[in-house]
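Below is one structure, written out as structure tokens; comments come after it.
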Amino acid sequence: TATVTSAVPLSPAQLQQLSDALRSVLGSNKVSIDARVEPDILGGLVVKVGSRLFDSSVRSKLQRLQLAMKGVA
């Protein structure tokens, strides 16, 4: 089971594409998706499968940019 968090609800077509991609990456023939909506992530996706976490949310990218800019200043 993959827990998928997005800023807006995903369409059935998007969920199908995500399921196909996860099956390919994980090498599994069955992946169930628990879709959640959390506007705080601003955009992108956070996917958690077991102990693996794939975070491509806008919130995380902005936090990394903020840390990088603090290191330069």
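The values are calculated or read from the model by the stated rules, or taken from the named source; none is laboratory data. Model, not experiment: these values are computed from the prediction. Here Cβ is always computed from backbone atoms with ideal geometry, including for glycine, and neighbour counts include all displayed protein chains.
Could you grab the pairs with beta carbons closer than 6 Å, sequence gap of 6+ or different chains, first residue in segment 1-23 and aliphatic (A, V, I, L, M), second one in a helix (DSSP H, G or I) and exposed (fewer than 14 other Cβ atoms within 10 Å of the Cβ)?
Pairs that qualify, where the first residue is aliphatic (A, V, I, L, M) and the partner is in a helix (DSSP H, G or I) and exposed (fewer than 14 other Cβ atoms within 10 Å of the Cβ), are Ala7/Pro39.
Pick out the one residue from Val37, Val47, Val4 that is closer than 25 Å to Leu62 by Cβ, at pLDDT 95 or above and either acidic (Asp, Glu) or over 10 Å from the mean Cα position of the chain (by Cα) (or both).
Checking each option against the conditions leaves just Val37.
Which of the residues that make up segment 55-73 are surrounded by fewer than 14 Cβ atoms within 10 Å (Cβ to Cβ) and not basic (Lys, Arg)?
Of everything in segment 55-73, those that are surrounded by fewer than 14 Cβ atoms within 10 Å (Cβ to Cβ) and not basic (Lys, Arg) turn out to be Ser56, Val58, Leu62, Gln63, Leu65, Gln66, Leu67, Ala68, Met69, Gly71, Val72, Ala73.
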